[in-house]
Amino acid sequence: MSHFSDKLIAWYVVNPRDLPWRQTENPYYIWVSEIMLQQTQAVTVIPYYLRFIQTLPTIQDLAVCEEDKLLKLWEGLGYYSRVRNMQKTAIEIMHKYDGVFPNTYDLLIQLKGIGAYTAGAILSIAFHQKISAVDGNVMRVISRYFGIQDDITLDTTKKQINQLNTTLLSDEQPHLYTQAIIELGATVCTKHQPKCDVCPVRLDCISRQQNLQSIIPIKTKAKAKKERRFITFILEDEQGRFVVEKVTDNLLKGLYLLPQVEADSLQYAIETLESSGYRIQYTEPLGIYKHVFTHLIWYMDVYYGRIDSSINHETVSSFDEVPMATAHKQITTKEKKNVKY
DNA sequence: TATTCGTGGCA
DNA sequence: TTGCCAAGAAT
């Protein structure tokens, strides 16, 4: 029926990347891969995905997994609420659906961590249902193909693109269509220097005809990141163990950080730590580190500190024992360095 | 509707 | 070096 989907699928079946989640249609594995792939490139996900399904091969394994072990599997992947929400959903599927993965949009959209895209991806890829799944790739492919010059961050534009994608969706092979259009966006219709000469739908593409590839999709630019400055400590006690603190705030919740104080002076930071029970014998500067998050930047003036072990704090003999945020793991593993503070 | 939430790659 | 952004969702 649809010209577009036939060409796309014909191209995809001979040009697929070899990605491990394409060797299964188990909805649990498709779900895991789709959550990991949110805002994350496929090549980054591959090793995490393989380790995750090997360690937690069933929904029940995920539902009963201890939180530290779970976050350790996610360590370095970012957006840690993804895996925390995934466990909530696994528990709900065990109790409410007797461990059987729900297979309608209305049921999936109610689950924690599953939004419109992920619901559509699971339903089309794992259950072969004709449900649209629009991610950043689809937004780029559709907006370029139709020459849509509206801001794609607007809800009205997203709705329009979702409607177009629903119209284009293959009746017979929705599982191939969804993967094909995403694959095209990821490997051919890329943000920079799209490979239009090998695109299966280049002849009908408005952006190709009018040379608009570099200006479509149109997107409002991001706000400036806020900056925060910390004095950060690698604290070692008399037993050679290191102090870590488990995060309770939303940002990096459940992960572990080095002790740190939002401050500009070492003296104030030490006083703050001592008022919370640490007794610091001496300190030694290790350098200034920087870590960039999506919406903020941390500058960390790092010191090694020796403490006695007279207070109750959590310690590890190796930072590998706990899930550490990358912002601080880099401090424990990399060489001394200095950035502009 | 706007903001929050990680990390690594790339131009 | 800096900013963008990648198989988005929650609040």
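How much accessible area does residue A:289 have with a 1.4 Å probe, in Å² rounded to the nearest 10?
10 Å²
Mind ranking A:172, A:245 by accessible surface for me, highest first, 1.4 Å probe? Display every interim value, and only then the final one.
Values: A:172 155, A:245 70 Å².
Result, largest first: A:172, A:245.
Can you list the HN-Hα couplings for the range A:184-190, worked out from phi with the Karplus curve (6.51, -1.76, 1.60; θ = phi - 60°), rounded to whole Hz and with x for Gly and Pro?
4, x, 7, 10, 10, 8, 7
Compute the long axis of helix A:3-12 from its Cα atoms, compare it with the longest principal axis of the Cα atoms of chain A, and write down the angle in degrees, 0 to 90, nearest 10.
That helix lies at roughly 50 degrees to the long axis.
Amide H of residue A:297 versus every other amide H placed in the peptide plane: which residues, excluding those fewer than 5 positions away on the same chain, fall under 5 Å?
Sorted by chain and number, the residues that satisfy this are A:226, A:227, A:228.
Solvent-accessible area of residue A:22, probe 1.4 Å, all protein chains present, reported in Å² to the nearest ten, please.
Around 60 Å² of this residue is reachable by solvent.
Take the solvent-accessible surface of the protein heavy atoms, probe 1.4 Å, and return the percent of it on the range A:242-316 that carbon and sulfur atoms account for.
C and S fraction of accessible area: 46 percent.
Round to the nearest 10 and report in Å² the accessible area of residue A:48, as given by a 1.4 Å probe over the protein chains' heavy atoms.
40 Å²
Quick check for you: with a 1.4 Å probe and neighbouring chains kept, what is the accessible area per residue of chain A, in Å²?
51 Å²
Remind me, relative contact order of chain A in percent, using alpha carbon pairs under 8 angstrom and six or more residues apart? Please list the in-between numbers first.
On the way: 516 pairs, mean separation 54.3, N = 341.
Here the relative contact order equals 16 percent.
Between residue A:263 and residue A:218, what is the label-to-label distance in nm when each label sits 7 Å out along the Cα-to-Cβ direction?
Spacing of the two 7 Å Cα→Cβ label points: 5.1 nm.
What are the ³J(HN,Hα) couplings of the range A:34-47, residue after residue, when phi is run through the Karplus curve with 6.51, -1.76, 1.60 and θ = phi - 60°? Round to Hz, x for glycine and proline.
My calculation for the range A:34-47 gives 5, 5, 5, 7, 4, 6, 9, 6, 4, 5, 6, 6, 3, x Hz in order.
In a Gaussian network model over chain A where Cα atoms closer than 10 Å are linked, find which of A:326, A:294, A:89 has the largest mean-square fluctuation.
A:294
Quick one: which residues, 5 or more positions from residue A:287 or on another chain, have an amide H under 5 Å from its amide H? H modelled 1.01 Å from N in the peptide plane, none for Pro or chain starts.
For residue A:287, whose amide H was placed from the backbone, the distant partners under 5 Å are A:302.
If you build a Gaussian network model of chain A, linking Cα atoms that sit under 10 Å apart, which residue out of A:224, A:119, A:186 swings the most?
Among A:224, A:119, A:186, the largest GNM mean-square fluctuation belongs to A:224.
Check which residues have an amide H placed less than 5 Å from residue A:172's amide H, if you skip close sequence neighbours.
Amide H neighbours of residue A:172: none.
From the Cα trace of chain A, what convex hull volume per residue do you get, rounded to a whole Å³? Intermediate results must be reported in sequence, preceding the final value.
Numbers: hull volume 54.6 nm³, N = 341.
In chain A, the Cα convex hull volume per residue is 160 Å³.
The values are calculated or read from the model by the stated rules, or taken from the named source; none is laboratory data. Quick caveat: nothing in here was measured; it's all calculated off a predicted structure. Every residue, glycine as well, gets a Cβ built from its backbone with ideal geometry; the counts of neighbours run over all protein chains shown. Areas reflect the complete protein model, heavy atoms only, side chains present, ligands, DNA and RNA absent. Shrake-Rupley method; radii C 1.70, N 1.55, O 1.52, S 1.80 Å.
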